[in-house]
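See below for the structure under consideration.
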Amino acid sequence: MALLAPVRHGVSSVGGVLLAAATRAAAAVRPAAKPLHPSGRIRQARLYRHGLNPPLGIGFLDAPGVDEVVVRESRAVGLPQALPDVQGLALRVPVGDGAYGDLLLASTGWGKVSRFVLTVSRTTYGRPMTTLLPYRTTAGPLLLGARSVGHATVELSCAVGDGPWRHFADLRLSELDADPSVLDERGDISFDPVLHRVPGLDQYRWVERLREPAYDEARADRGES
């Protein structure tokens, strides 16, 4: 395992550079505040967490509760609606003391391998979604997943590695747009899972290394520090 660490470090560093380059290329081809997921629908939602038994040792997943959240549904490339695209779902959830955490999911498969592979769909919930990259948790590497299970209802699940999915919450989508007070001057929200974390869902350093250059590039493109 020790021998694998330098390899993983190198791969993630190279991957981060490539993602940043892809973000720059998208910004050059289609100048926008968001080179990826350039536009989307932002609306209110309510998250009903029923918890897990047996627990995983992660409060957000284990404990029941109801959270008022903001969600953003978007298409990664921003292709016309008639064409398939990688679908995105972002959630901003309260984590106490006025703070919040951001969760980002993209359309993937749902199987042991396909949950780590991006897919495309014409509609937001035409395919399952996962966080694609694992979180570092006390239970092991963990993915979050989402699947539509009916009108305006999305089932949220978690899985440790390639293990079975465990349903821990239901997301009920509202037809109401998000309150303008949570939007920036462009009338949008910039979700950032690197800066805004849910307690218990930590980033592996190799995941940070993979994501940070692209997020830095996107922040710079928006004029943010």
**OP:** Scan the stretch 116-153 residue by residue and report those that are open to solvent by 50 Å² or more (accessible area, probe 1.4 Å) and either in contact (Cβ under 8 Å) with a residue 40 or more places away in the chain or within 22 Å of R49 (Cβ to Cβ) (or both).
**Re:** R122, Y125, R127, R136, T138, P141, R147, S148, V149, H151
**OP:** Please identify the pairs in which a residue from the stretch 159-172 that is under 20 Å from G65 (Cβ atoms) has its Cβ atom under 7 Å from the Cβ atom of a residue that is open to solvent by 60 Å² or more (accessible area, probe 1.4 Å), counting only partners at least 6 apart or on another chain.
**Re:** F168/H50; A169/Y48; A169/H50; D170/Y48; R172/R46; R172/Y48
Original post:
Tell me, which residue of the stretch 43-97 that is closer than 16 Å to R147 by Cα and among the β-branched types (V, I, T) is nearest to the chain's Cα centre (by Cα)?
Top reply: V71
Subject >> V113 vs. criteria free of Cβ contacts under 8 Å to residues at least 24 places away in the same chain, of a type in the set (A, V, I, L, M) and open to solvent by 50 Å² or more (accessible area, probe 1.4 Å) >> reply: no
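Does L176 meet the test of being modelled with pLDDT under 95 and part of a loop (DSSP other than H, G, I, E, B)? If you could, list the steps in order and put the result at the bottom.
Details: modelled with pLDDT under 95: yes; part of a loop (DSSP other than H, G, I, E, B): no.
For L176, the condition - modelled with pLDDT under 95 and part of a loop (DSSP other than H, G, I, E, B) - is not met.
The values are calculated or read from the model by the stated rules, or taken from the named source; none is laboratory data. Given the structure is predicted, the values throughout are model-derived calculations rather than measurements. As a convention, Cβ positions derive from the backbone with ideal geometry for all residues, glycine included, and neighbour counts pool all protein chains shown. For the accessible areas, the whole protein counts, side chains as well, though only heavy atoms, and no ligand, DNA or RNA atoms are used. Shrake-Rupley method; radii C 1.70, N 1.55, O 1.52, S 1.80 Å.
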